[in-house]
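S.K.: Here's a structure for you.
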Amino acid sequence: MTAASSRSSWSERFAAQAPTGPACPRGVFLVSPQGLSISAESALDNAYMDAASGADSARALQQHAALHAALSRAGVPTICFAGRAETPDAVFPNNVFATARDASGARLIIGSMRHPVRRLEAERADIVDCFRAVLGYAVCDLRDKPGISELTGTLVIDRARRIGLAGLSSRCDRDGVASMRDAFGLAEAFEFPLHASEYHTNVVLSVLASRALVLAPGGLADAADAAALADLYAGAVIELDAAEHAAFAGNCIAVRPDQVWMSERAADALRPSSRAAFERLGFDVHAVALDAIEAAGGSLRCCVGELY
């Protein structure tokens with residue numbers, strides 16, 4: 001099946017999935033940036049890393065604590081695990097750990113990571129045991145499944161419709177998409193290649209509360225794919241320009257139906273028209289300074305794991 005023929009069916013398949021489940025998480029989990037540094041392995045395919053400046057770990061700890069406090073003040077139940085020096089990218093846990101819940105119950109999903117330094121994160125027994133033994137989640141481990149599957153870094157999910165938007169890159173292949181679709185219990189997964197300069201889908205687009213799409217078209221390899229995705233959420237699309245994209249405005253998340261969270265850098269980069277679009281769609285913009293963490297190649301959405 002060609003890309004064009006696959007793309008032509010998206011609208012029909014999307015329309016067949018009426019929103020039925022929860023569109024936002026019940027809570028979130030974080031991993032603090034103890035040991036944060038620029039990972040040479042991750043820098044191989046993450047152009048957002050500031051390898052020249054490096055990571056200011058003390059400032060990162062302060063900013064991450066402020067994120068935790070801000071989420072708590074906003075009424076979002078938040079769990080925070082400690083980071084470790086041997087896992088310098090662990091502040092971005094949503095690539096390695098994610099959750100899903102359906103009629104079969106709640107489960108923790110463990111991703112299959114490309115780089116060995118990130119595979120170490122999946123071996124954290126304390127995190128896995130917290131979900132399994134304390135919170136009562138079953139465990140679905142994708143490390144023994146085919147493909148690379150960096151979870152909600154590579155797969156942006158419209159949770160209420162059970163539709164995944166999967167950007168193919170060095171961090172995600174088609175076998176990985178199939179494994180994630182089964183693990184999350186998705187009805188559909190739409191695949192499209194990211195631009196060669198991109199590593200994760202959640203840097204270029206976000207689905208907010210299953211009713212709006214934030215999209216940086218330049219982050220996709222094919223403009224026709226970007227247009228097809230925008231058509232799915234017609235009338236509820238916030239299209240980012242290159243400057244907003246570079247400032248991580250696409251790396252945002254709705255943790256409540258009326259709240260969109262992004263970094264201070266991202267919020268400062270929003271054009272008046274983009275900010276007005278968030279407001280028109282019913283989202284208050286919440287921003288937290290995360291520049292020290294962004295030097296390591298990710299932003300606020302990357303820091304937030306969702307609890308379903």
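S.K.: If you take every residue apart from Arg101 with its C-beta less than 11 Å away from the C-beta of Arg101, what net charge results, scoring Lys and Arg +1 and Asp and Glu -1?
M.R.: +1
S.K.: Subtract the Cα-Cα distance of Leu135 and Ala18 from 0.36 nm times their separation in residues, and report this length gain in nm to one decimal.
M.R.: Net length gain for the segment: 39.2 nm.
S.K.: Now for a different question. Could you tell me how far the Cα centroid of the stretch 208-233 sits from the Cα centroid of the stretch 258-274, in Å?
M.R.: Their Cα centres are 18 Å away from one another.
S.K.: Please work out whether the stretch 150-231 counts as rounded, prolate or oblate from its C-alpha gyration tensor, where a ≥ b ≥ c are the square roots of the eigenvalues and a/c under 1.5 means rounded, while otherwise a/b larger than b/c means prolate and anything else oblate?
M.R.: Taking the square roots of the gyration eigenvalues as a ≥ b ≥ c, the stretch 150-231 is oblate.
S.K.: Which distance in nm do the two modelled labels at His195 and Asp284 give, with both placed 7 Å along the Cα-to-Cβ direction?
M.R.: 3.3 nm
S.K.: Excluding Asn46 itself, calculate the net charge of residues whose Cβ lies under 12 Å from the Cβ of Asn46, where each Lys or Arg counts +1 and each Asp or Glu counts -1.
M.R.: Local charge sum for Asn46: -4.
S.K.: 7 Å from Cα along Cα→Cβ at both Ala66 and Ala103: what's the point-to-point distance in nm?
M.R.: Once both label points are built, they end up 4.7 nm from each other.
S.K.: To continue, here is another question. Label point 7 Å out from Ala40 along Cα-to-Cβ: which residues of the stretch 79-108 have amide N under 16 Å?
M.R.: In the stretch 79-108, the label zone of Ala40 (backbone N under 16 Å from the point 7 Å along Cα→Cβ) covers 86-89.
S.K.: Per residue of the chain, what 222 nm ellipticity follows from adding -39500 (n - 2.57) for every DSSP H run with n ≥ 4, rounded to the nearest 500?
M.R.: Value at 222 nm, helices only, nearest 500: -7500 deg cm²/dmol.
S.K.: Go ahead and run the numbers for FRET between Asp268 and Ser6, Cβ-Cβ distance against an R0 of 41 Å, rounding to 0.05.
M.R.: 0.65
S.K.: Please name which of His245, Ser57, Phe184 has its Cα lying farthest along the dipole of the chain towards the positive end, using unit charges on Cβ (Lys, Arg +1; Asp, Glu -1) and the Cα centre as origin.
M.R.: So the residue we want is Phe184.
S.K.: Can you sort Trp261, Trp10 so the residue with the fewest Cβ neighbours within 10 Å comes first?
M.R.: Trp10, Trp261
S.K.: Whole-Hz Karplus ³J(HN,Hα) for the stretch 106-120, in order, using 6.51 cos²θ - 1.76 cosθ + 1.60 and θ = phi - 60°, x for Gly and Pro?
M.R.: Once rounded to whole Hz, the list reads 9, 9, 8, 10, 10, x, 9, 8, 6, 9, x, 5, 7, 5, 4.
S.K.: Given the C-alpha centroids of the stretch 136-168 and the stretch 23-72, what is the distance between them in whole angstrom?
M.R.: A separation of 21 Å, based on Cα centres.
S.K.: Can you tell me the dipole magnitude for the stretch 146-244 around its Cα centre, using point charges on the Cβ only (Lys, Arg +1; Asp, Glu -1), in Debye to the nearest 20?
M.R.: Here the size comes out at about 380 debye.
S.K.: Give me the dipole magnitude in Debye, nearest 20, for the chain about the Cα centre, with unit charges on the beta carbon: positive for Lys and Arg, negative for Asp and Glu.
M.R.: So the magnitude is around 740 debye.
All of the numbers you see were taken from the coordinates with simple rules; none came from a lab. Because the structure is a prediction, the values reported are computed rather than measured. FYI the Cβ positions are ideal-geometry reconstructions off the backbone, even for glycines, and counts take in every protein chain you see.
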